[in-house]
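S.K.: Can you read through this structure? Questions will come right after.
Read-outs: derived from the displayed coordinates by stated rules, not from any lab. Since the structure is predicted, the reported quantities are computational estimates derived from the model, not experimental observations. All Cβ positions, even for glycine, are placed from backbone atoms using ideal geometry, and neighbour counts span all protein chains on display.
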Amino acid sequence: MDRNIIKALDLPAFEKGLVWLVGAGPGDPGLITALGLMALREADYILYDALVDERLLKLARKGAGLIFAGKRAGVTSCKQSDISNLLIDLAREGHRVLRLKGGDPFTFGRGGEEAGALAKARVPFRIVPGITAGIGGLAYAGIPVTHRDTNHAVTFITGHGADGKLPRLDWQAVGKGSETLVFYMARKYAGEIADVLIAAGRKQDEPAAIVANAARADQNVIVTTLAGLGKAAEKSSPLSIIVVGENVRLRKELDWLGKTAVLFSPA
């Protein structure tokens with residue numbers, strides 16, 4: 001990054017022996033922050049996730065070590081303990097270590113686990129938030145997570161628990177808790193989620209949308225209803241964000257990318 005920009009923004013120094021946990025944002029590499037760009041240019045080692053756009057890695061300084069540390073559902077992945085231990089070891093060797101994660105490190109990104117391991121090992125670290133897919137990805141689909149005409153609350157929910165199954169939540173409370181629900185990693189259980197929400201009192205014809213490959217060149221959107229969510233999810237990419245709520249209707253007017261949505265109605 002240009003030194004004049006660093007000076008003008010008074011950005012903190014990336015000191016040796018530190019670990020920076022940085023959110024790269026969802027998809028579009030232009031959504032990374034100024035701090036994230038600076039870290040990319042100065043890091044000695046970069047441990048990056050599967051969802052990080054490869055164009056960002058080209059900004060790494062010459063000679064920086066690039067280490068893949070991605071985790072994807074259904075695919076053999078790096079163990080979380082191994083990733084955390086490597087961060088600790090590299091920092092203790094005196095390197096500037098960048099942990100580059102898709103979206104935001106603290107939003108369903110296991111950043112809290114990695115930060116906890118660093119804290120326990122007494123390794124200094126900095127958290128650089130990123131734009132999470134549940135906000136940025138929906139924005140790229142023309143769906144605001146809040147709008148005063150449709151909702152006054154939004155709830156972000158993981159589609160599966162640590163055991164890989166539908167999370168054990170009070171679904172009655174979830175269904176009544178806020179007008180807009182945003183689900184991460186929920187494609188596999190979309191039908192079950194729809195069933196429990198309808199049982200909790202949500203309307204079958206409530207608008208819902210699935211945004212696949214959000215904020216990427218191949219982004220696509222399926223607009224459906226809560227009742228049709230399960231079948232619609234079968235036609236979507238595994239890399240999807242699901243949103244349920246009246247603000248899905250706003251996409252007709254706010255689709256600034258001009259990408260026509262697939263309309264799916266249950267049989």
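S.K.: What does the charge count near Pro129 come to, summing +1 for each Lys or Arg and -1 for each Asp or Glu among other residues with Cβ under 11 Å from its Cβ?
M.R.: +1
S.K.: Region 112-198: D in µm²/s via Stokes-Einstein (Kirkwood Rh, Cα pairs, 4 °C, 1.567 mPa s)?
M.R.: In µm²/s, the coefficient is 85.
S.K.: Compute the Rg/Rh shape ratio of region 3-128: radius of gyration over Kirkwood radius, all on alpha-carbon atoms.
M.R.: Answer for region 3-128: 0.94.
S.K.: With θ set to phi - 60°, apply the Karplus curve 6.51 cos²θ - 1.76 cosθ + 1.60 along region 161-168 and write out the HN-Hα couplings as whole Hz, x wherever there is a Gly or Pro.
M.R.: Those phi angles translate into x, 4, 8, x, 10, 3, x, 7 Hz.
S.K.: Would you please report the Å³ per residue occupied by the convex hull of the alpha carbon atoms in region 206-267?
M.R.: Hull volume normalised by residue count: 75 Å³.
S.K.: In addition: Just flag the trypsin sites (Lys or Arg not before Pro) in region 83-135 sitting in loop per DSSP whose Cβ has no more than 14 other Cβ atoms within 10 Å.
M.R.: Arg122
S.K.: Now for a separate question. Projected onto the charge dipole of the chain (+1 at Lys/Arg Cβ, -1 at Asp/Glu Cβ, origin at the Cα centre), which of Ile46, Gly94, Gln219 gives the Cα projection farthest towards the positive end?
M.R.: The one lying farthest along the dipole's positive direction is Gly94.
S.K.: I would also like to ask the following. Could you put Val154, Val19 in order, starting from the residue whose Cβ has the fewest other Cβ atoms within 10 Å?
M.R.: The order, fewest Cβ neighbours first, is Val154, Val19.
S.K.: Next question. As a check on your grasp of the helix formula, calculate [θ] at 222 nm for the chain: sum -39500 (n - 2.57) over DSSP H runs of n ≥ 4, divide by the residue count, round to the nearest 500.
M.R.: -7500 deg cm²/dmol, from helical runs alone.
S.K.: For a quick check of your reading of the filter: which trypsin sites (Lys or Arg not before Pro) in region 208-267 sit in a DSSP loop and have no more than 15 other Cβ atoms within 10 Å?
M.R.: Taking region 208-267 and a limit of 15 other Cβ atoms within 10 Å, the loop trypsin sites (Lys or Arg not before Pro) found are Lys235, Lys259.
S.K.: Suppose every Lys and Arg Cβ carries +1 and every Asp and Glu Cβ carries -1, with no other charges. What dipole size does the chain come out with about its Cα centre, to the nearest 20 debye?
M.R.: I would put it at about 440 debye.
S.K.: Rounded to whole Å and ordered largest first, report the semi-axes of the equivalent ellipsoid of the chain derived from its Cα gyration tensor (root of 5λ).
M.R.: Working from the Cα gyration tensor, I get semi-axes of 36, 20, 16 Å.
S.K.: Between their Cα atoms, which of Lys58/Lys120; Lys16/Lys101; Lys16/Lys79; Lys188/Lys231; Lys176/Lys252 are more than 22 Å away from each other?
M.R.: Result: Lys58/Lys120; Lys16/Lys79; Lys176/Lys252 exceed 22 Å.
S.K.: Could I ask something else about it? About the Cα centre of region 3-128, what is the dipole size in debye to 20, counting +1 per Lys and Arg Cβ and -1 per Asp and Glu Cβ, all else neutral?
M.R.: 220
S.K.: Still on this structure: Tell me, Ser178, Ser240, Ser81 in order of fewest to most beta-carbon neighbours within 10 Å?
M.R.: Ser81, Ser178, Ser240
S.K.: Taking only the alpha carbons of region 13-71, what extent do you get along each of the three principal axes, in Å, biggest first?
M.R.: Answer, in whole Å and largest first: 29, 22, 19 Å.
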